[in-house]
1. From a point 7 Å beyond the Cα of Leu30 in the direction of its Cβ, which residues of segment 43-66 have a backbone N at a distance under 15 Å?
2. How large is the dipole of segment 27-108 about the Cα centre if only Lys and Arg carry +1 and Asp and Glu carry -1, each at its Cβ, rounded to the nearest 20 debye?
3. Highest mean first, how do 107-119, 42-54, 68-80, 126-138 rank when packing is the count of other Cβ atoms within 10 Å averaged over residues?
4. Which shape class, rounded, prolate or oblate, goes with segment 49-144 when its Cα gyration tensor gives a ≥ b ≥ c as root eigenvalues, a/c under 1.5 marks rounded, and past that a/b bigger than b/c marks prolate?
5. Would you mind computing, in nm to one decimal, how far apart the modelled labels at Glu99 and Asp129 are, each placed 7 Å from Cα along Cα→Cβ?
Amino acid sequence: SDTDTNSERPPTVIVRSRPYIELHSGIIELQQGKLFNDVNHFRQILCEFTIQKGFAINRVKNESRRVTVKCKVEDCTWRIHISPTADGLTYKIKSYNGEQTCQKLTKNKEANTTWIANRYGSLIRSNPDMKISLSATNLRQKYG
């Protein structure tokens, strides 16, 4: 009967939010309710965001099921929290205070060699004779 086949179907989960889409300008905008493919996708975007904005973060919770991060400066109110949605696959920004009250850093530990290799590896491989000073100047101009 119809009731038997309906009871065997898994419930449909509808997630009502906006997926994170990278802007053509490369500027990252975070908002409460944005969706990410998985927790690692969020971590990658967060790394880019903190480098662009020039502030250090403190990972309060950095687990596979949830991430809570705040600004490292004690008086700064910037904070973000994500956790999985009902579908168990995508992650959603559940709470976000984007007000940053601290000063921009000139050195950011998030901009490490792994980040530089991921961001500029193909450019460096395609231009093996490119001078390091040119790459460093490019990074300073773009990220401060």
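Bear in mind that the values in this text are calculations on the coordinates, not laboratory data. From a predicted model like this one, the values you see are computed outputs, not experimental measurements. Counting neighbours? That spans all protein chains shown, and the Cβs are built from the backbone with ideal geometry, glycine included.
1. Residues 43-63, 66 fall inside that zone.
2. Dipole size: approximately 180 debye.
3. Averaged packing, sorted descending, gives the order 42-54, 68-80, 107-119, 126-138.
4. Taking the square roots of the gyration eigenvalues as a ≥ b ≥ c, segment 49-144 is oblate.
5. Label-label distance for Glu99 and Asp129, simple model: 5.4 nm.
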